[in-house]
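Below is one structure, written out as structure tokens; the observations come after it.
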Amino acid sequence: MAEIETKPPHRGLKKGLYVIPTLFTAANVAMGYLAVLWSIRGFDLSAADPALAATYFNSAGLAIGLAILFDTVDGRVARATHTATEIGVQFDSLADVLTFGIAPTALIYAWAIAPTFAENTVGHNLGVFLLFAYLMCGAFRLARFNLQATRPVKLAEGATKVDKKAFVGLPIPPAGGLLAALVHFAPSPFSSYGDNAAQYYGYALMALIVVLSILMVSTIRYTSMKTSGGSRQGIFLVIVIAGMAMAVFFYSKYALLGIAAIYVTHGVIWWLLRPIFVRSNS
């Protein structure tokens, strides 16, 4: 009698679940790709039609912001469906290098650096160097995260331990998100503000890029919000997310910039205040 091959129940459904996080990561890549294209198009129009250029810069900034949503969802879906894989972690990191590393540097260069400083000037060369430093720090931050996530036992002695409640160093998505939120807040190219104001804003933006780069490779802890799931915490989190969604819908320019700035600064504030609380509790 021939043996009848039997398949475990829901095996096909389980395989299909592995595709869902990948689709969100692919959407993340698509947003970064479009942000780069729109940044290039905005730069082409920055001198001839600043108003139209602003629409392209704004679209690029919104694409990066939308990519943060996709990047957040893909990880949560993978954990919820137990479909997280090592190749998914690597794919997600490669997507983040594009969307939150290359895309923001292209956007900032086209929106602020290139329209403000002529080529081979001190301001232009400094801006290009700092944007490259931002990209390298972001890539290093992702490499360190992957190492800690996949090989925590083999880390060098004395290295920072893996903590699911917090990220070590500023993650690259909120760093790129803050830059994108600035563009969304004021999408007009810097050249439209006049030479003196444009250079002032340009150097101030370079200082921000330096800060973000240092924070990404630092050991300052940032909350990951991965372990919030209790009944009370869950309800509070839903209320907070709903409130932020309403604020973004009605006042996107102010809400997105505020949310990004709060997340970037909260780790620094806690790092500065932590010794006070530790001293008081001891």
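All other residues with a Cβ under 15 Å from the Cβ of Gly176 taken together, and with Lys, Arg as +1 and Asp, Glu as -1, what is their net charge? Working shown, then result.
Details: positive: Arg141; negative: Asp71, Asp92, Asp96.
Summing Lys and Arg as +1 and Asp and Glu as -1 gives -2.
Ranking request for peptides 132-144, 105-117, 23-35: highest mean number of other beta-carbon atoms within 10 Å first, then the rest in descending order.
On the way: 132-144: 18.9, 105-117: 23.9, 23-35: 21.2.
In descending order of packing, they fall as 105-117, 23-35, 132-144.
Given H placed 1.01 Å from N in the peptide plane, which residues other than close sequence neighbours of Phe167 have an amide H under 5 Å from its amide H?
When sequence neighbours closer than 5 places are left aside, the close amide H contacts are Tyr222, Thr223, Ser224.
So for the pair Ala47, Ala261, with labels modelled 7 Å out along Cα→Cβ, what separation do we get in nm?
Here the answer is 3.3 nm between the modelled labels.
Read the figures in this text as sums done on the coordinates, not as results from a lab. If you're wondering where the values come from, they're calculated on a predicted model, not measured in any experiment. Here the Cβ is made from the backbone with ideal geometry for all residues, glycine too, and neighbour counts use every protein chain on show.
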